[in-house]
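The next block holds one structure in the form of C-alpha coordinates; read it before the comments.
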Amino acid sequence: MRKLRIGITCYPSLGGSGVVATELGILLAERGHDVHFITSGRPFRLYMDQPNITVHEVEVSQYAVFKFTPYDIALANKISEVIVEEELDILHAHYAVPHAICSALGRDMAGVPIPIITTLHGTDVTILGHDRTLSGTVKYGINKSDMTTAVSDSLKEETYELIRPANEIRTIYNFIDERSYRPVNAHHMKAGLGIAETDKIVIHVSNFRKVKRIEDVVRSFAIINREVPSKLLLVGDGPEVETIHALVSEEGLGTEVLFLGKRDDLPDLFSISDLNMLLSEKEAFGLVLIEAMACGVPCIGSDIGGIPEVIEDGKNGFIRPLGDIEGYAEAAIRILRDSDLASSFSHDAIRSVRERFGSERIVREYESAYYELLERNGF
Ligand code: GMT
(Lines give C-alpha, C1' and ligand atoms only; values in the text may rest on other atoms or scores of the structure.)
Protein backbone atom coordinates (compact mmCIF):
# COMPACT_ATOMS: atom_id res chain seq x y z
CA MET A 1 0.00 0.00 0.00
CA ARG A 2 1.18 3.50 -0.86
CA LYS A 3 2.42 5.46 2.17
CA LEU A 4 0.55 8.74 2.61
CA ARG A 5 1.43 12.23 3.82
CA ILE A 6 -1.46 13.01 6.14
CA GLY A 7 -2.22 16.37 7.75
CA ILE A 8 -4.22 16.13 11.00
CA THR A 9 -5.74 19.18 12.63
CA CYS A 10 -7.31 18.84 16.07
CA TYR A 11 -7.42 20.21 19.62
CA PRO A 12 -4.10 19.21 21.15
CA SER A 13 -5.13 19.24 24.80
CA LEU A 14 -8.89 19.21 25.04
CA GLY A 15 -10.96 16.14 25.63
CA GLY A 16 -11.63 12.97 23.73
CA SER A 17 -11.50 14.36 20.19
CA GLY A 18 -7.86 15.38 20.76
CA VAL A 19 -7.08 11.99 22.29
CA VAL A 20 -8.61 10.10 19.35
CA ALA A 21 -6.88 12.34 16.76
CA THR A 22 -3.50 11.99 18.45
CA GLU A 23 -3.71 8.23 18.95
CA LEU A 24 -4.81 7.86 15.34
CA GLY A 25 -1.83 9.92 14.15
CA ILE A 26 0.57 7.86 16.27
CA LEU A 27 -0.76 4.56 14.92
CA LEU A 28 -0.78 5.81 11.31
CA ALA A 29 2.86 6.88 11.74
CA GLU A 30 3.68 3.43 13.13
CA ARG A 31 2.18 2.00 9.95
CA GLY A 32 4.69 4.03 7.93
CA HIS A 33 2.61 7.06 6.94
CA ASP A 34 4.04 10.56 7.31
CA VAL A 35 1.84 12.37 9.82
CA HIS A 36 1.75 16.16 10.19
CA PHE A 37 -0.15 17.53 13.18
CA ILE A 38 -1.28 21.13 12.59
CA THR A 39 -2.34 22.35 16.02
CA SER A 40 -2.13 25.16 18.56
CA GLY A 41 0.38 23.15 20.60
CA ARG A 42 1.99 19.76 20.95
CA PRO A 43 -0.75 17.11 21.34
CA PHE A 44 -0.69 16.10 25.01
CA ARG A 45 -0.73 12.38 24.30
CA LEU A 46 2.35 12.72 22.07
CA TYR A 47 4.79 12.11 24.90
CA MET A 48 8.00 11.92 22.92
CA ASP A 49 9.45 12.44 19.47
CA GLN A 50 8.37 9.64 17.21
CA PRO A 51 9.45 8.68 13.71
CA ASN A 52 7.17 9.89 10.88
CA ILE A 53 5.50 12.54 13.04
CA THR A 54 5.96 16.30 12.71
CA VAL A 55 4.10 18.89 14.76
CA HIS A 56 3.41 22.23 13.05
CA GLU A 57 2.42 24.67 15.76
CA VAL A 58 0.17 27.55 14.81
CA GLU A 59 1.49 30.94 15.92
CA VAL A 60 -1.02 33.69 16.52
CA SER A 61 -0.22 37.34 16.05
CA GLN A 62 -1.01 39.57 19.05
CA TYR A 63 -1.26 42.77 17.00
CA ALA A 64 -2.78 45.59 19.08
CA VAL A 65 -5.67 46.22 16.68
CA PHE A 66 -7.19 42.82 17.39
CA LYS A 67 -9.84 42.63 20.07
CA PHE A 68 -9.75 38.82 19.67
CA THR A 69 -6.64 36.97 18.51
CA PRO A 70 -7.36 35.47 15.06
CA TYR A 71 -6.46 31.83 15.81
CA ASP A 72 -8.72 30.40 13.13
CA ILE A 73 -7.21 32.57 10.40
CA ALA A 74 -3.70 31.66 11.54
CA LEU A 75 -4.66 27.97 11.52
CA ALA A 76 -5.95 28.20 7.93
CA ASN A 77 -2.74 30.00 6.98
CA LYS A 78 -0.61 27.27 8.55
CA ILE A 79 -2.69 24.52 6.93
CA SER A 80 -2.15 26.08 3.49
CA GLU A 81 1.62 26.30 4.12
CA VAL A 82 1.85 22.69 5.28
CA ILE A 83 -0.22 21.42 2.32
CA VAL A 84 2.30 22.98 -0.06
CA GLU A 85 5.59 22.52 1.81
CA GLU A 86 4.98 18.94 2.92
CA GLU A 87 3.10 17.97 -0.26
CA LEU A 88 0.24 16.50 1.76
CA ASP A 89 -1.95 13.85 0.15
CA ILE A 90 -4.91 14.31 2.47
CA LEU A 91 -6.16 16.46 5.37
CA HIS A 92 -8.04 15.03 8.34
CA ALA A 93 -9.96 17.54 10.50
CA HIS A 94 -11.16 16.45 13.96
CA TYR A 95 -14.11 18.43 15.38
CA ALA A 96 -15.89 20.68 12.89
CA VAL A 97 -15.25 24.00 14.66
CA PRO A 98 -12.89 25.42 13.59
CA HIS A 99 -10.96 22.54 12.05
CA ALA A 100 -13.22 21.58 9.13
CA ILE A 101 -13.80 25.22 8.21
CA CYS A 102 -10.09 26.13 8.47
CA SER A 103 -9.14 23.05 6.43
CA ALA A 104 -11.44 24.16 3.60
CA LEU A 105 -10.02 27.69 3.71
CA GLY A 106 -6.40 26.45 3.94
CA ARG A 107 -6.93 24.16 0.96
CA ASP A 108 -8.42 26.98 -1.10
CA MET A 109 -5.48 29.22 -0.19
CA ALA A 110 -2.99 26.50 -1.13
CA GLY A 111 -4.74 25.96 -4.45
CA VAL A 112 -4.09 22.23 -4.22
CA PRO A 113 -7.28 20.16 -4.40
CA ILE A 114 -6.37 17.49 -1.82
CA PRO A 115 -9.29 15.67 -0.18
CA ILE A 116 -10.49 16.69 3.28
CA ILE A 117 -12.00 14.17 5.68
CA THR A 118 -13.79 15.58 8.71
CA THR A 119 -14.54 13.56 11.82
CA LEU A 120 -17.46 14.86 13.88
CA HIS A 121 -17.04 14.12 17.58
CA GLY A 122 -20.29 15.25 19.17
CA THR A 123 -20.87 18.73 20.53
CA ASP A 124 -19.51 20.23 17.31
CA VAL A 125 -22.94 19.20 15.98
CA THR A 126 -25.17 18.53 18.99
CA ILE A 127 -24.43 21.90 20.64
CA LEU A 128 -22.62 24.14 18.14
CA GLY A 129 -24.87 22.98 15.30
CA HIS A 130 -27.74 24.65 17.21
CA ASP A 131 -25.76 27.79 17.98
CA ARG A 132 -26.95 30.42 15.54
CA THR A 133 -23.59 32.21 15.65
CA LEU A 134 -21.83 29.07 14.38
CA SER A 135 -24.32 26.67 12.79
CA GLY A 136 -23.84 28.06 9.28
CA THR A 137 -20.09 27.48 9.44
CA VAL A 138 -20.57 23.96 10.85
CA LYS A 139 -22.66 23.15 7.78
CA TYR A 140 -20.16 24.86 5.48
CA GLY A 141 -17.25 22.86 6.95
CA ILE A 142 -19.13 19.59 6.56
CA ASN A 143 -20.23 20.36 3.00
CA LYS A 144 -16.73 21.38 1.96
CA SER A 145 -15.36 18.05 3.25
CA ASP A 146 -14.98 15.26 0.72
CA MET A 147 -15.95 12.75 3.38
CA THR A 148 -17.48 13.18 6.82
CA THR A 149 -17.32 10.57 9.54
CA ALA A 150 -19.16 10.48 12.86
CA VAL A 151 -18.06 8.59 15.97
CA SER A 152 -21.45 6.85 16.33
CA ASP A 153 -24.60 6.10 14.36
CA SER A 154 -26.50 8.32 16.73
CA LEU A 155 -24.27 11.31 15.88
CA LYS A 156 -24.53 10.45 12.20
CA GLU A 157 -28.35 10.49 12.33
CA GLU A 158 -28.44 13.68 14.36
CA THR A 159 -26.13 15.37 11.83
CA TYR A 160 -28.32 14.25 8.90
CA GLU A 161 -31.37 15.68 10.62
CA LEU A 162 -29.86 18.94 11.74
CA ILE A 163 -27.40 19.82 9.01
CA ARG A 164 -28.93 18.00 6.02
CA PRO A 165 -25.45 17.69 4.49
CA ALA A 166 -24.85 17.32 0.77
CA ASN A 167 -22.66 14.22 1.23
CA GLU A 168 -22.96 10.84 2.90
CA ILE A 169 -21.72 10.50 6.49
CA ARG A 170 -19.95 7.32 7.56
CA THR A 171 -19.76 5.99 11.12
CA ILE A 172 -16.26 5.14 12.28
CA TYR A 173 -16.28 4.33 15.99
CA ASN A 174 -13.64 5.52 18.42
CA PHE A 175 -10.93 3.13 19.53
CA ILE A 176 -8.37 2.77 22.28
CA ASP A 177 -4.73 1.90 22.32
CA GLU A 178 -4.95 -1.46 24.03
CA ARG A 179 -1.26 -1.26 24.94
CA SER A 180 -2.28 1.27 27.59
CA TYR A 181 -5.80 0.15 28.45
CA ARG A 182 -5.88 -3.42 29.77
CA PRO A 183 -6.48 -5.00 33.17
CA VAL A 184 -3.43 -4.45 35.38
CA ASN A 185 -2.63 -5.54 38.90
CA ALA A 186 -3.03 -2.32 40.85
CA HIS A 187 -4.41 -3.86 43.99
CA HIS A 188 -2.03 -1.90 46.23
CA MET A 189 -3.84 1.30 45.18
CA LYS A 190 -6.91 0.39 47.20
CA ALA A 191 -5.00 0.66 50.47
CA GLY A 192 -3.17 3.73 49.14
CA LEU A 193 -6.54 5.44 48.67
CA GLY A 194 -7.68 4.33 52.14
CA ILE A 195 -10.30 1.96 50.73
CA ALA A 196 -11.11 -1.22 52.66
CA GLU A 197 -10.39 -4.50 50.88
CA THR A 198 -14.07 -5.46 51.08
CA ASP A 199 -15.42 -2.16 49.68
CA LYS A 200 -16.70 -2.13 46.09
CA ILE A 201 -15.50 0.72 43.90
CA VAL A 202 -17.72 2.75 41.58
CA ILE A 203 -15.89 5.15 39.25
CA HIS A 204 -16.86 8.14 37.11
CA VAL A 205 -14.36 9.92 34.87
CA SER A 206 -15.16 13.12 32.99
CA ASN A 207 -14.39 16.75 32.35
CA PHE A 208 -16.95 17.76 34.98
CA ARG A 209 -19.22 19.65 32.64
CA LYS A 210 -22.97 19.98 33.17
CA VAL A 211 -23.80 17.60 30.29
CA LYS A 212 -22.18 14.76 32.27
CA ARG A 213 -24.88 14.97 34.99
CA ILE A 214 -22.50 14.00 37.74
CA GLU A 215 -25.23 14.84 40.26
CA ASP A 216 -27.05 11.72 38.95
CA VAL A 217 -23.92 9.67 39.64
CA VAL A 218 -23.73 11.00 43.21
CA ARG A 219 -27.47 10.53 43.87
CA SER A 220 -27.39 6.97 42.51
CA PHE A 221 -24.30 6.27 44.58
CA ALA A 222 -26.11 7.50 47.72
CA ILE A 223 -28.62 4.66 47.20
CA ILE A 224 -25.93 2.11 46.27
CA ASN A 225 -23.88 3.01 49.33
CA ARG A 226 -26.80 2.29 51.66
CA GLU A 227 -26.97 -1.28 50.31
CA VAL A 228 -23.37 -2.18 49.46
CA PRO A 229 -20.16 -1.13 51.30
CA SER A 230 -18.58 1.00 48.60
CA LYS A 231 -16.62 4.08 47.59
CA LEU A 232 -17.15 6.41 44.63
CA LEU A 233 -14.09 7.67 42.77
CA LEU A 234 -14.69 10.93 40.90
CA VAL A 235 -11.86 11.48 38.45
CA GLY A 236 -11.33 14.64 36.40
CA ASP A 237 -11.78 18.35 36.75
CA GLY A 238 -13.99 21.04 35.29
CA PRO A 239 -16.64 23.68 35.93
CA GLU A 240 -18.98 21.46 38.01
CA VAL A 241 -16.46 20.42 40.67
CA GLU A 242 -17.64 22.88 43.34
CA THR A 243 -21.32 22.01 42.80
CA ILE A 244 -20.56 18.31 43.10
CA HIS A 245 -18.51 18.85 46.28
CA ALA A 246 -21.51 20.64 47.78
CA LEU A 247 -23.90 17.86 46.74
CA VAL A 248 -21.62 15.19 48.24
CA SER A 249 -21.65 17.05 51.60
CA GLU A 250 -25.41 17.56 51.39
CA GLU A 251 -25.90 13.80 50.84
CA GLY A 252 -23.63 13.07 53.85
CA LEU A 253 -21.18 11.19 51.62
CA GLY A 254 -18.04 13.14 52.55
CA THR A 255 -16.06 10.03 53.55
CA GLU A 256 -17.49 7.78 50.83
CA VAL A 257 -16.63 9.87 47.77
CA LEU A 258 -13.02 10.52 46.74
CA PHE A 259 -12.30 13.46 44.40
CA LEU A 260 -9.11 12.45 42.62
CA GLY A 261 -8.76 15.31 40.10
CA LYS A 262 -7.09 14.71 36.73
CA ARG A 263 -5.10 11.48 36.66
CA ASP A 264 -2.61 9.85 34.31
CA ASP A 265 -3.08 6.38 35.82
CA LEU A 266 -6.57 5.60 34.48
CA PRO A 267 -5.80 1.94 33.63
CA ASP A 268 -4.79 1.41 37.30
CA LEU A 269 -7.89 3.18 38.62
CA PHE A 270 -10.17 1.23 36.29
CA SER A 271 -8.46 -2.02 37.21
CA ILE A 272 -9.43 -1.61 40.88
CA SER A 273 -12.97 -0.53 40.01
CA ASP A 274 -16.06 -2.74 39.98
CA LEU A 275 -18.33 -0.44 38.01
CA ASN A 276 -18.11 2.63 35.78
CA MET A 277 -20.99 5.11 35.43
CA LEU A 278 -21.56 7.55 32.55
CA LEU A 279 -25.00 9.15 32.89
CA SER A 280 -24.63 12.10 30.48
CA GLU A 281 -27.48 13.98 28.82
CA LYS A 282 -25.38 14.37 25.64
CA GLU A 283 -22.68 11.90 24.63
CA ALA A 284 -21.84 11.10 21.03
CA PHE A 285 -19.71 8.12 22.02
CA GLY A 286 -18.17 8.18 25.53
CA LEU A 287 -14.53 7.31 25.07
CA VAL A 288 -14.24 6.66 28.79
CA LEU A 289 -16.62 3.71 28.39
CA ILE A 290 -14.26 1.77 26.14
CA GLU A 291 -11.30 2.73 28.32
CA ALA A 292 -13.08 1.22 31.33
CA MET A 293 -14.39 -1.79 29.40
CA ALA A 294 -10.92 -2.57 28.05
CA CYS A 295 -9.81 -2.84 31.69
CA GLY A 296 -12.69 -5.27 32.35
CA VAL A 297 -15.06 -2.84 34.07
CA PRO A 298 -18.83 -3.26 33.51
CA CYS A 299 -20.57 0.05 32.75
CA ILE A 300 -23.91 1.69 33.45
CA GLY A 301 -25.01 4.41 31.06
CA SER A 302 -27.93 6.64 30.17
CA ASP A 303 -29.90 5.86 27.00
CA ILE A 304 -28.45 8.90 25.26
CA GLY A 305 -26.49 9.47 22.03
CA GLY A 306 -23.91 6.80 21.30
CA ILE A 307 -23.84 5.29 24.82
CA PRO A 308 -26.23 2.39 23.93
CA GLU A 309 -24.03 1.62 20.89
CA VAL A 310 -21.06 1.11 23.19
CA ILE A 311 -22.57 -0.61 26.25
CA GLU A 312 -24.46 -3.76 25.22
CA ASP A 313 -27.38 -3.74 27.66
CA GLY A 314 -27.45 -6.94 29.70
CA LYS A 315 -24.19 -8.22 28.20
CA ASN A 316 -21.46 -5.97 29.56
CA GLY A 317 -23.47 -3.42 31.49
CA PHE A 318 -26.87 -1.81 31.75
CA ILE A 319 -28.57 1.08 29.97
CA ARG A 320 -31.23 3.02 31.86
CA PRO A 321 -33.36 6.05 30.87
CA LEU A 322 -31.74 9.45 31.38
CA GLY A 323 -32.20 10.67 34.94
CA ASP A 324 -33.55 7.33 36.28
CA ILE A 325 -31.63 7.48 39.56
CA GLU A 326 -33.47 4.50 41.09
CA GLY A 327 -32.93 2.48 37.91
CA TYR A 328 -29.20 3.25 37.79
CA ALA A 329 -28.82 2.33 41.47
CA GLU A 330 -30.82 -0.91 41.13
CA ALA A 331 -28.70 -1.94 38.12
CA ALA A 332 -25.49 -1.07 39.95
CA ILE A 333 -26.49 -3.02 43.05
CA ARG A 334 -27.23 -6.09 40.88
CA ILE A 335 -23.72 -6.00 39.45
CA LEU A 336 -22.00 -5.26 42.77
CA ARG A 337 -23.87 -8.04 44.63
CA ASP A 338 -23.70 -10.79 42.02
CA SER A 339 -20.08 -11.80 41.44
CA ASP A 340 -21.01 -14.22 38.60
CA LEU A 341 -22.87 -11.47 36.74
CA ALA A 342 -19.99 -9.03 37.36
CA SER A 343 -17.44 -11.50 36.08
CA SER A 344 -19.48 -12.34 32.97
CA PHE A 345 -19.97 -8.60 32.20
CA SER A 346 -16.27 -7.97 32.78
CA HIS A 347 -15.19 -10.69 30.31
CA ASP A 348 -17.71 -9.53 27.77
CA ALA A 349 -16.57 -5.91 28.12
CA ILE A 350 -13.01 -6.91 27.21
CA ARG A 351 -14.25 -9.04 24.29
CA SER A 352 -16.50 -6.29 23.01
CA VAL A 353 -13.74 -3.66 23.01
CA ARG A 354 -11.34 -6.04 21.25
CA GLU A 355 -13.88 -7.00 18.59
CA ARG A 356 -15.61 -3.69 17.99
CA PHE A 357 -13.29 -0.90 19.10
CA GLY A 358 -9.80 -2.37 18.67
CA SER A 359 -7.21 0.06 17.30
CA GLU A 360 -6.15 -2.20 14.42
CA ARG A 361 -9.69 -2.43 13.09
CA ILE A 362 -10.57 1.26 13.41
CA VAL A 363 -7.25 2.59 12.11
CA ARG A 364 -7.73 0.38 9.04
CA GLU A 365 -11.20 1.85 8.55
CA TYR A 366 -9.70 5.36 8.48
CA GLU A 367 -6.89 4.18 6.19
CA SER A 368 -9.41 2.65 3.78
CA ALA A 369 -11.40 5.89 3.82
CA TYR A 370 -8.22 7.81 2.87
CA TYR A 371 -7.39 5.48 -0.04
CA GLU A 372 -11.00 5.53 -1.21
CA LEU A 373 -11.04 9.33 -1.24
CA LEU A 374 -7.74 9.55 -3.09
CA GLU A 375 -8.94 7.09 -5.69
CA ARG A 376 -12.25 8.90 -6.03
CA ASN A 377 -10.42 12.19 -6.55
CA GLY A 378 -8.07 10.64 -9.10
CA PHE A 379 -4.86 11.01 -7.04
O1 GMT B 1 -17.88 17.90 23.18
C2 GMT B 1 -17.20 17.42 24.02
O3 GMT B 1 -17.55 16.95 25.09
C4 GMT B 1 -15.81 17.37 23.69
C5 GMT B 1 -15.54 16.23 22.78
C6 GMT B 1 -14.08 16.06 22.90
O7 GMT B 1 -13.36 16.77 22.21
O8 GMT B 1 -13.71 15.27 23.73
O9 GMT B 1 -16.22 15.03 23.22
C10 GMT B 1 -16.87 14.36 22.21
O11 GMT B 1 -15.90 13.59 21.52
C12 GMT B 1 -15.45 12.41 22.17
C13 GMT B 1 -14.43 11.72 21.25
O14 GMT B 1 -14.99 11.33 20.04
C15 GMT B 1 -16.64 11.49 22.48
O16 GMT B 1 -16.19 10.31 23.12
C17 GMT B 1 -17.61 12.24 23.41
O18 GMT B 1 -18.74 11.42 23.61
C19 GMT B 1 -18.04 13.55 22.77
N20 GMT B 1 -18.76 14.34 23.79
C21 GMT B 1 -20.06 14.60 23.68
O22 GMT B 1 -20.74 14.23 22.75
C23 GMT B 1 -20.64 15.37 24.81
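Here are the numbers:
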quantity: Electrostatic dipole magnitude of the chain [Cβ: Lys, Arg +1; Asp, Glu -1; Cα centre; debye, to 20]; calculated: 320
quantity: Degrees between helix 359-376 axis and first principal axis of the chain (Cα, 0 to 90, nearest 10); calculated: 20
quantity: With all protein chains modelled, accessible area of GLU157 [1.4 Å, Å²]; calculated: 90
quantity: Segment 188-356 - percent of accessible surface contributed by carbon and sulfur, probe 1.4 Å; calculated: 47
quantity: Among the listed pairs LYS156/LYS210; LYS67/LYS212; LYS78/LYS144; LYS78/LYS210, those beyond 30 Å (Cα-Cα); calculated: LYS67/LYS212; LYS78/LYS210
quantity: Probe 1.4 Å - accessible area at CYS295, Å² to nearest ten; calculated: 10
quantity: Surface accessible to a 1.4 Å probe, ASP153 within the full protein complex, Å²; calculated: 60
quantity: Listed residues THR123, THR22 arranged by accessible area, highest first, probe 1.4 Å; calculated: THR123, THR22
quantity: Solvent exposure, largest accessible area first (probe 1.4 Å, DNA, RNA and ligands not counted), of ASP340, ASP264, ASP324, ASP303; calculated: ASP264, ASP340, ASP303, ASP324
quantity: Amide H partners (placed H, <5 Å) of THR149, local residues excluded; calculated: THR118, THR119, LEU120, ARG170
quantity: In segment 29-92, the chymotrypsin sites (Phe, Trp or Tyr not before Pro) that fall in loop regions by DSSP, at most 15 other Cβ within 10 Å; calculated: PHE44, TYR47, TYR63, PHE66, PHE68
quantity: In degrees, nearest ten, helix 339-357 long axis to first principal axis of the chain (Cα); calculated: 0
quantity: Sparse-neighbour loop sites [GluC sites (Glu not before Pro); segment 281-379; at most 14 other C-beta within 10 Å; DSSP]; calculated: GLU281
quantity: Helix-only CD estimate at 222 nm, as mean residue ellipticity for the chain, using -39500 (n - 2.57) per DSSP H run (n ≥ 4); calculated: -13000 deg cm²/dmol
quantity: Shape call, segment 188-356: gyration tensor on alpha carbons, a/c limit 1.5; calculated: rounded
quantity: For the chain: span of alpha carbons on each principal axis (Å, largest first); calculated: 65, 48, 40
quantity: HN-Hα J in Hz across segment 42-55 - Karplus 6.51, -1.76, 1.60, θ = phi - 60°, x for Gly and Pro; calculated: 5, x, 5, 8, 8, 5, 9, 5, 10, x, 6, 10, 10, 9
quantity: Assigned charges on the beta-carbon of Lys, Arg, Asp, Glu; segment 188-356 dipole about Cα centre (debye); calculated: 200
quantity: Farthest positive-ward along the chain dipole, Cα basis, beta-carbon charges - from ALA246, LEU336, SER230; calculated: ALA246
quantity: Residue order for PHE270, PHE259 - accessible surface, 1.4 angstrom probe, largest first; calculated: PHE259, PHE270
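The values are calculated or read from the model by the stated rules, or taken from the named source; none is laboratory data. Treat the numbers as computed from the prediction; the structure is a model and nothing was measured. Counting neighbours? That spans all protein chains shown, and the Cβs are built from the backbone with ideal geometry, glycine included. Side chains are part of the model used for accessible areas, which takes the heavy atoms of the whole protein and leaves out ligands, DNA and RNA. Shrake-Rupley method; radii C 1.70, N 1.55, O 1.52, S 1.80 Å.
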